[in-house]
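Colleague: The structure's right below; bear with me while I get my questions together.
The values are calculated or read from the model by the stated rules, or taken from the named source; none is laboratory data. Please read these numbers as outputs of a predicted model, since none were measured by experiment. Neighbour counts are summed over all protein chains in view; Cβ atoms, including those assigned to glycine, are modelled from backbone coordinates with ideal geometry. To get the accessible areas, we keep the full protein, side chains included, count just its heavy atoms, and leave off ligands, DNA and RNA. Shrake-Rupley method; radii C 1.70, N 1.55, O 1.52, S 1.80 Å.
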Amino acid sequence: MKKSPKPRYAVMQYLLVNSGRHLLTHLPLFAGKSLSIAGSNNLGKTQALNSLQFLFFTNQTHMSFGQYDSKTSRAFYFPADNSYLAMEVWTPNGIYIVGAHGKGAGSGYEYELFVAKGELDVEDFKVNGMLRPYKSLFTHWASKGIEVMFLSRDEMRQMLYGEYSKVKHGRWDVTMVPLANANERRYHVFRQVYRNLLTQQTLRAKEMKDLILNIFSE
């Protein structure tokens, strides 16, 4: 007898709009194909990787932006209300958009998290040759029948790490990193794996050994 296929989770697209040095950058990450990002220094390659932390981690104390503090980092990645980070995720339960939008200088450059049920279309973020402010985007999505839920940071963590039943009555399962309990040490191990492999420019032998030991201890 054949074994049942394992559930598949994938980030299929990633979009940065008016974020950091990115006016509008679309990264296709389609399953089964690799993506290589190459270019000169200071073009935003590392910024694109670092920006994903806003979606995957609960708060900025869990993130790493080098020498920059939390407010400086928020102001860089979310300078205005037409600043967005958005990824299209495929789960066994459907296709969703997971994202964040800036709230502007008046809010201390804070950002708001959201999940939308539907596919990510770059054209949705533009209108009349300009970038859409956040109210216009969500009104536009509503006209297309794309439903949006706005989430607290803790709700986003619960949604992505497998506790979707606690979020908005559990109507959507957008689990991307299935953990038995997102409050357990597994979340911290995942966070360490992400930060070490994607955001650190150097990884010393001892750090790699500690990383492997932490992974296998789980």
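Colleague: Evaluate the following for E88: is it part of a strand (DSSP E or B), over 18 Å from L131 (Cβ atoms) and under 17 Å from the mean Cα position of the chain (by Cα)?
Modeller: Judged against the criteria, E88 is a match.
Colleague: While we're here: Condition first: in contact with a strand residue (DSSP E or B) (Cβ under 7 Å, 6 or more places away or on another chain), crowded, with 21+ Cβ neighbours inside 10 Å and small (G, A, S). Now tell me which residues in the stretch 67-87 satisfy that.
Modeller: Within the stretch 67-87, S83, A86 meet the criteria.
Colleague: Cβ-Cβ below 6 Å, separation at least six or inter-chain, first residue in the stretch 140-166 and within 22 Å of P92 (Cα to Cα) and free of Cβ contacts under 8 Å to residues at least 24 places away in the same chain, second open to solvent by less than 30 Å² (accessible area, probe 1.4 Å) and of a type in the set (S, T, Y): which pairs?
Modeller: Close Cβ pairs satisfying both conditions: G162/T175.
Colleague: Does at least one position in the stretch 110-133 carry a residue that is under 16 Å from F54 (Cβ atoms) and modelled with pLDDT under 90?
Modeller: No, the conditions are met nowhere in the stretch 110-133.
Colleague: Still on this structure, please answer the following. On the basis of being among the hydrophobic types (A, V, I, L, M, F, W, C) and not in a helix (DSSP H, G or I), does L113 make the cut?
Modeller: yes
Colleague: When you go through (1) of a type in the set (D, E); (2) in a loop (DSSP other than H, G, I, E, B); (3) open to solvent by less than 50 Å² (accessible area, probe 1.4 Å) one by one for E119, which number turns out not to apply?
Modeller: (3)
Colleague: Which of the residues belonging to the stretch 128-167 are open to solvent by 50 Å² or more (accessible area, probe 1.4 Å), over 27 Å from K71 (Cα atoms) and either of a type in the set (S, T, Y) or not in a helix (DSSP H, G or I) (or both)?
Modeller: N128, G129, T139, S143, K144, G145, E147, Y164, S165 - these are the residues of the stretch 128-167 that are open to solvent by 50 Å² or more (accessible area, probe 1.4 Å), over 27 Å from K71 (Cα atoms) and either of a type in the set (S, T, Y) or not in a helix (DSSP H, G or I) (or both).
Colleague: Specify which of the listed residues (L49, L55, L35, L43) is modelled with pLDDT of 75 or more and open to solvent by 60 Å² or more (accessible area, probe 1.4 Å).
Modeller: Matching residue, one of L49, L55, L35, L43: L49.
Colleague: Search the stretch 57-84 for residues that are part of a loop (DSSP other than H, G, I, E, B) and pair each with any residue that is crowded, with 17+ Cβ neighbours inside 10 Å and aliphatic (A, V, I, L, M) when their beta-carbon atoms are under 6 Å apart and the residues are at least 6 apart or on different chains.
Modeller: F57/M63; N82/L131
Colleague: Further question on the same structure: Please enumerate the residues belonging to the stretch 91-116 that are open to solvent by 20 Å² or more (accessible area, probe 1.4 Å) and under 14 Å from the mean Cα position of the chain (by Cα).
Modeller: Listed by number, the list holds a single entry, E112.
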